[in-house]
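The values are calculated or read from the model by the stated rules, or taken from the named source; none is laboratory data. These numbers were taken from a predicted model, which means no experiment stands behind them. Glycine gets a Cβ as well: all are built from the backbone with ideal geometry, and neighbour counts include every protein chain shown. Side chains are part of the model used for accessible areas, which takes the heavy atoms of the whole protein and leaves out ligands, DNA and RNA. Shrake-Rupley method; radii C 1.70, N 1.55, O 1.52, S 1.80 Å.
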Amino acid sequence: MPTPPPDMPPVETARSDQVEVSFDGSRCIHARYCVTRAPATFLANVDGPWIHPGATPVESLVAVIHQCPSGALHYRCFDGGPEEPPPPVNLVTLRENGPYEVRAPMRLGDTALGFRAALCRCGASKNKPFCDNSHRHNGFQATSEPASGNTTALGQRDGPVSVRPLADGPLHLAGSLEIVSGTGRIVERTRAVELCRCGASEHKPFCDDSHLRIGFRAPGVERPSE
């Protein structure tokens, strides 16, 4: 798994008698689900401790964490409560002028990523393959509503997904996937896809080899061990 740059924030943890919450700032895209839907637990714009797990009922807190699109937030229950379940349908959601939001049981090489991640598609993130909000500053434009292609139903809609950034090239995703627009319309159903991560494809979200034309450079990840 790629190592985040040294200036990335460390993982923070906070716990109550019932649950431990962890926050990986290097994965956060500031979608603000936490501070708007559990504001008693996640305090915005404060100095010092900002995560207070005991301030929100555990069931409600867990539901909010499930909505975190980047996987920056995770939890561990101490009272025998269930762990986060894998999604029943693997989804890649396109954010307008922003990243890919992936919900699936993911592995990056030999490393488990969990069930939620926001992956860079502007080409500028300093924490590739994850989004770090560089798209907000580099003028990246990409619609969340491209035309639909193959929408033939898949026999299996869940299961493991391999996330493999190719060196100086696209994101190769393998597994049952439904690529959906920002409004939830099906763009593509597939078992393997190469998604643009250089930001220059004229056929977004799909790779069209523009990374070769612009001299895109980014490390890749080896195939997972058998």
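Residues are listed down the side, and each one gets a yes or a no for (1) at pLDDT 95 or above; (2) among the small types (Gly, Ala, Ser); (3) in contact with a helix residue (DSSP H, G or I) (Cβ under 8 Å, 6 or more places away or on another chain):
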{"position": "PRO86", "(1), (2), (3)": "yes, no, no"}
{"position": "LEU94", "(1), (2), (3)": "yes, no, no"}
{"position": "GLY98", "(1), (2), (3)": "yes, yes, yes"}
{"position": "GLU101", "(1), (2), (3)": "yes, no, no"}
{"position": "GLY109", "(1), (2), (3)": "no, yes, no"}
{"position": "PRO129", "(1), (2), (3)": "yes, no, no"}
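Here are some residues: ALA167, ALA142, ALA124. Which one is open to solvent by 50 Å² or more (accessible area, probe 1.4 Å) and outside any strand (DSSP E or B)?
Working: ALA142 fails: open to solvent by 50 Å² or more (accessible area, probe 1.4 Å); ALA124 fails: open to solvent by 50 Å² or more (accessible area, probe 1.4 Å).
Criteria check complete, one pass: ALA167.
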ask   = Restricting to region 108-124, what's the tally of residues that are over 12 Å from the mean Cα position of the chain (by Cα) and closer than 18 Å to THR93 by Cα?
value = 2
ask   = Name the pairs whose Cβ atoms lie under 8 Å apart, with the first residue in region 39-63 and under 24 Å from PRO86 (Cβ atoms), the second charged (D, E, K, R) and outside any helix (DSSP H, G or I), and 6 or more positions between them or separate chains?
value = PRO53/ARG15; PRO53/GLU20; VAL58/ASP79; VAL62/GLU84
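Conditions (1) part of a loop (DSSP other than H, G, I, E, B); (2) within 14 Å of GLU96 (Cα to Cα); (3) within 17 Å of the chain's Cα centre (by Cα); (4) modelled with pLDDT of 95 or more, marked per residue:
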site: GLY149; (1), (2), (3), (4): yes, no, no, yes
site: SER162; (1), (2), (3), (4): no, no, yes, yes
site: ALA174; (1), (2), (3), (4): no, no, yes, yes
site: ALA192; (1), (2), (3), (4): no, no, no, yes
site: HIS203; (1), (2), (3), (4): yes, no, no, yes
site: ASP208; (1), (2), (3), (4): yes, no, no, yes
site: LEU212; (1), (2), (3), (4): no, no, no, yes
site: GLU222; (1), (2), (3), (4): yes, no, no, no
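Within region 95-102, does at least one residue satisfy the condition of being among the aromatic types (Phe, Trp, Tyr) and open to solvent by 20 Å² or more (accessible area, probe 1.4 Å)? Show your work before the answer.
Going residue by residue through region 95-102, those that are among the aromatic types (Phe, Trp, Tyr) are 100.
Subsequent filtering for residues that are open to solvent by 20 Å² or more (accessible area, probe 1.4 Å) retains none.
No, region 95-102 has no match at all.
Being of a type in the set (Val, Ile, Thr) and in contact with a Lys or Arg (Cβ under 9 Å, 6 or more places away or on another chain) narrows it down to one of THR41, THR93, so name that one. Step through it out loud before you land on a result.
Working: THR41 fails: in contact with a Lys or Arg (Cβ under 9 Å, 6 or more places away or on another chain).
Every option except THR93 fails the conditions.
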task = Check whether at least one residue in region 25-35 is open to solvent by less than 50 Å² (accessible area, probe 1.4 Å), more than 23 Å from LEU108 (Cα to Cα) and over 21 Å from the mean Cα position of the chain (by Cα), and report yes or no.
result = no
